[in-house]
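The values are calculated or read from the model by the stated rules, or taken from the named source; none is laboratory data. Keep in mind that this is a model prediction, so the values were computed, not measured. Positions of Cβ are backbone-derived with ideal geometry, glycine not excepted, and every protein chain shown enters the neighbour counts. For accessibility, only protein heavy atoms count, side chains too; no ligands or nucleic acids. Shrake-Rupley method; radii C 1.70, N 1.55, O 1.52, S 1.80 Å.
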Amino acid sequence: MHIEVEETAVGPVRLFRINTGSCNGCDVELAVTSAVTEFDVEQLGCRYTESAHEADIVLITGPLTIRARDEVLRLYAQAPRDKVTVAVGVCPVSGGVFRDSYAVDGPIERHLPVDVNIPGCPPRPQALLAGIGAALEIRRARRDGEEPARNPDHRKHHGTDNFPARGRMSYDAKACVDCRMCRHVCAAGAIRFEAGDGGVRLTLWHNSCVFCGLCSHYCPTGALSVTGDWRLDHRAADAFTQIERGEVPYAPCTGCGEAIIPTAPQLLHAAFRRPNPEIEKLKNLCPACRQLMSIGVPRR
Amino acid sequence: MTDLTTNVAAALAMAAGEEINVLWRRDRKGVLTGWCRLPCGEALLPAARAVAELEGRLAMVTPYLPERAKEKGEREIAYHFDLDGATLTLTVVLPLEWARVPSLTPIFRNCDWQERELMELYDVQVVGHPDPRRLFLDHTLPHAPFERLVPYSTFTNAATGKALWDKVLAGEREDA
Amino acid sequence: MTTKIIELGAHQLALEEPMYFRVKLEGDRVADLDVLPGQVHRGMEHLVMRRNLYQNITLLERLCSLCSNSHPSTFCAAVEEVAGIAIPERAEYLRAVADEIKRIASHLFCCAVQANAIGETPLFRRIMEVREIMQRAKEAIYGNRMDLAANVIGGVRYDLTPEAAAYLAGAMEEMKRPLDELYLQFGNNPALMARMAWVGVLPREAAVECAVVGPVARACGIDYDVRKKSPYGAYDRLKFEVPSQTAGDVRARNLVRLAEARQSVSLIEQCLAQLPAGPLCADNLPEIPAGEAIAKSEAPRGELMYYLRTDGSDFPVRLKWRVPSYMNWDALKVMLKGEPVGNIPLIVNSIDPCIACTDR
Ligand code: SF4
Ligand code: SF4
């Protein structure tokens with residue numbers, strides 16, 4: 001009981017926003033969390049402040065432009081030492097689509113310590129509230145001198161939402177044909193392919209991804225798909241392990257034995273509608289042997 | 001073809017003192033775009049005045065390094081004007097080195113920022129601009145970043161992406 | 001009278017985005033103004049030349065979140081013009097739907113921010129709540145409340161199922177009354193009149209000289225709308241008028257916006273009623289030859305123009321665009337002249353300035 005009294009006595013937790021040169025998507029959504037009752041940060045006992053000196057939690061948006069940097073760092077330095085810092089959207093963490101521009105000086109972690117990341121581009125207000133909630137948890141733990149409780153994994157419980165928001169990408173290696181179209185169309189450089197000994201490995205980094213779904217649109221087999229999983233906030237220390245990964249194993253060509261990426265059944269279905277056993281044989285042949293088979297070399 | 005195309009042809013011919021070819025394209029919806037390459041840099045100012053006479057509005061200025069700019073030693077600037085829905089593009093060809101164009105700001109007030117931007121992003125001198133300060137570029141950035149498209153790897157910090165990905169790939173190995 | 005120069009930042013200007021003004025004051029009135037942009041300069045015109053045409057669809061959508069659909073749709077139109085692609089009719093309508101949805105949300109945000117700038121907090125919250133109807137619709141149909149991911153080269157990559165269309169029609173129905181009410185309120189409410197009428201006036205001649213575009217121009221009696229002047233997409237088959245005003249003040253600009261938002265509701269309804277069946281995209285991976293093209297559209301803030309130059313590869317040789325906000329900053333010098341300092345935030349927000357767009 002007395003804990004509650006203590007909480008109200010110290011007043012609301014104050015949030016301070018810093019825009020480091022964003023597209024304004026994250027900022028407009030943050031504005032919603034101070035204007036729209038359903039998403040108001042008041043429900044978390046928070047309130048926005050216009051003064052950096054009062055900041056308990058600093059919310060940072062944008063990829064950090066060179067032009068904005070000095071002012072950003074000045075404001076950040078004005079905030080009290082025990083503030084909790086939240087990176088809103090993927091921009092501050094990885095630069096998002098703006099990474100590697102001559103005018104951008106991110107990621108923000110090069111300049112100041114971040115506690116919580118809220119992936120999204122922009123994150124929906126529900127995700128912003130969840131991330132701010134995580135920051136409150138850290139703040140509470142620090143005050144009490146405890147280890148902050150590890151971020152519980154809420155993802156499963158939040159899947160059943162009214163609307164299918166465009167969330168985390170999911171990758172099905174079994175359907176992948178290694179055409180790399182996804183990497184080609186990804187504006188955010190969020191997809192990597194690496195050739196290993198046993199196969200080809202795809203890694204998709206959720207902190208770089210801008211959740212546009214273009215990779216899945218151009219994927220010929222549906223190996224990449226958009227999930228409704230938008231609850232992606234995490235401790236900044238875990239930034240680099242927020243990935244989706246899969247490996248397409250090499251298999252020996254049934255014709256000559258060379259290591260190849262077998263054709264996924266999804267592709268055969270897309271090309272032939274209903275592949276017959278003859279066509280099915282194609283999938284385990286290397287291109288050379290495939291040609292041999294289709295130009296009418298005596299069947300075995 | 002229409003009054004507009006005849007008027008533009010006449011006005012440009014008057015301004016340049018010679019016939020100037022404008023190629024007009026009409027798209028599926030009937031919208032006209034006219035493309036005109038000016039014979040020389042000096043032709044820009046009179047041509048721009050002629051467009052102003054026709055109540056043209058300056059819509060955009062596009063400086064660029066065309067294909068094989070280095071080989072040909074040339075660069076181009078396209079000035080796009082709105083003529084009540086039709087778009088007329090006047091293109092001037094300039095030398096790659098020591099390029100100079102006259103400022104159109106005295107004729108079109110809204111050319112001011114377009115030219116300031118052109119001056120900071122490219123190595124082009126705009127003669128007679130009333131306020132040639134930098135506009136968007138931070139003062140710590142080198143002049144004319146758009147001249148350095150090739151090779152861009154030394155200039156842009158492609159290193160950021162690499163450093164981040166190294167951590168992503170390493171992070172996973174630690175976990176495994 | 002004492003002359004002094006003050007510098008104002010985003011906070012004093014009541015802007016969501018970083019921007020600086022250097023203002024020359026005579027007494028407590030504005031005499032002159034220097035706009036100092038660049039804080040949000042992300043070198044995007046440089047980045048687009050290092051990304052292929054497909055990547056640029058997503059990159060350009062992140063130019064600015066308030067007019068985010070206008071950029072990929074106009075960029076794709078430029079690519080399609082170079083490649084000689086006629087997009088399917090259904091795609092034309094679906095692009096219009098996406099653009100008009102964004103227009104309503106953008107105009108409402110602008111009006112809300114102005115209400116906030118003059119301390120009308122309940123009105124600010126009310127407009128933001130109304131805007132939520134659009135936000136919910138965007139998320140339901142496109143999966144994101146800001147960036148719709150609706151466009152691809154050759155058409156669109158979303159469809160309206162009968163259920164989604166019915167949902168959207170319901171949302172449009174829900175918008176009508178609040179939009180009509182807001183129009184009356186911004187038009188006649190004495191408290192708003194006192195702050196917005198005859199404030200920040202831009203006379204028609206000055207508007208022509210500054211070459212302003214969009215609602216800022218239409219509030220001065222310049223009835224220029226790209227959807228009418230250079231029809232594109234489905235607009236040649238849709239019925240609409242171009243709302244305009246003549247006073248050229250803050251109130252007039254907002255009335256134009258609210259009338260346009262109401263018109264957008266009707267445009268979306270027409271699209272839903274006429275939506276032809278057929279494919280969504282002409283050709284998923286078309287050849288893009290060498291060439292150059294101009295594409296224009298009416299973004300929420302006015303005329304948007306793209307120039308694309310290609311060389312047969314899928315990287316652009318040059319991709320240049322000019323956003324409507326870019327044209328409107330200069331007019332602030334006229335609008336603010338002689339105004340008291342206290343009116344600066346309202347007048348600045350009345351041009352609905354987008355800094356992310358301006359700085360690129
Ligand atoms: S994360 Fe996305 S929405 Fe947020 S500022 Fe960056 S580009 Fe804009
Ligand atoms: S959704 Fe796909 S294409 Fe879009 S940013 Fe993420 S990984 Fe890249």
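For the reader, a short list of remarks on this structure follows.
- Highest mean packing first, where packing is the average number of other Cβ atoms within 10 Å per residue, the peptides C:169-180, A:200-211 line up as A:200-211, C:169-180.
- Largest first and in whole Å, the equivalent-ellipsoid semi-axes of the range C:272-316 read 25, 21, 7, each the square root of five times a Cα gyration tensor eigenvalue.
- Each pair of Cα atoms in chain B enters the Kirkwood radius, and Stokes-Einstein at 20 °C and 1.002 mPa s then converts it into a translational diffusion coefficient of 116 µm²/s.
- Between the amide H of residue B:81 and those of B:59, B:88, B:89, B:90, distances stay under 5 Å, these residues lying 5 or more places away or on another chain, with hydrogens modeled in the peptide plane.
- Kirkwood Rh (inverse of mean 1/r, distinct Cα pairs), the range C:130-238, angstrom: 17.5
- Amide H within-cut-off set for residue A:255, under 5 Å, with H built and near neighbours excluded: A:286
- The H on the amide N of residue A:200, modeled in the peptide plane, is under 5 Å from the matching H of A:248, A:250, each at least 5 residues off or on a different chain.
- Relative contact order (%) - criterion: Cα under 8 Å, at least six apart; region: the range C:287-357: 24
- Where a label projected 7 Å from the Cα of residue C:34 along Cα→Cβ would reach, residues of the range C:9-24 with amide N under 14 Å: C:20-24
- Cα-based helix-to-principal-axis angle, B:3-16 vs chain B, degrees rounded to 10: 90
- Counting every pair of alpha carbons in the range C:117-169, the share spaced more than 14 Å apart comes to 63 percent.
- One way to sum up the overall shape of the range C:18-177 is the equivalent ellipsoid from its Cα gyration tensor, whose semi-axes run 32, 26, 11 Å, largest first.
- Accessible area of the protein assembly as shown belonging to carbon and sulfur atoms, whole % at 1.4 Å probe: 52
- Relative contact order of the range C:43-359, defined on C-alpha pairs under 8 angstrom at six or more residues apart (%): 27
- Accessible area buried between chains C and A, both sides summed, probe 1.4 Å, in Å² to nearest 100: 4500
- A convex hull fitted around the alpha carbon atoms of the range A:2-143 yields 98 Å³ per residue.
- Shape category assigned to chain C from the gyration tensor of Cα positions, a/c cut at 1.5: oblate
- For the pair the range B:55-103 / the range C:299-320, the C-alpha centres are spaced 14 Å from each other.
- Calculated accessible area for chain C comes out at 29 Å² per residue, all protein chains present (probe 1.4 Å; ligands, DNA, RNA ignored).
- In the range C:247-354, GluC sites (Glu not before Pro) in a DSSP loop with at most 11 other beta-carbon atoms within 10 Å: C:287
- What the Kirkwood sum gives for the range C:228-359 is a hydrodynamic radius of 18.1 Å, with every pair of different alpha carbons counted.
- Ordered from highest to lowest accessible area with the whole protein assembly present and a 1.4 Å probe, B:14, C:134 read as B:14, C:134.
- Per-residue average of Cβ from other chains inside 10 Å of B:26-36: 4
- Separation between Cα centres of the range C:2-28 and the range A:44-103, rounded to whole Å: 23
- Largest-first ellipsoid semi-axes for the protein assembly as shown, taking √(5λ) over the Cα gyration tensor eigenvalues, angstrom: 41, 37, 27
- Entry note, chain B: relative contact order of 15 percent, from Cα contacts under 8 Å with a spacing of 6+ residues.
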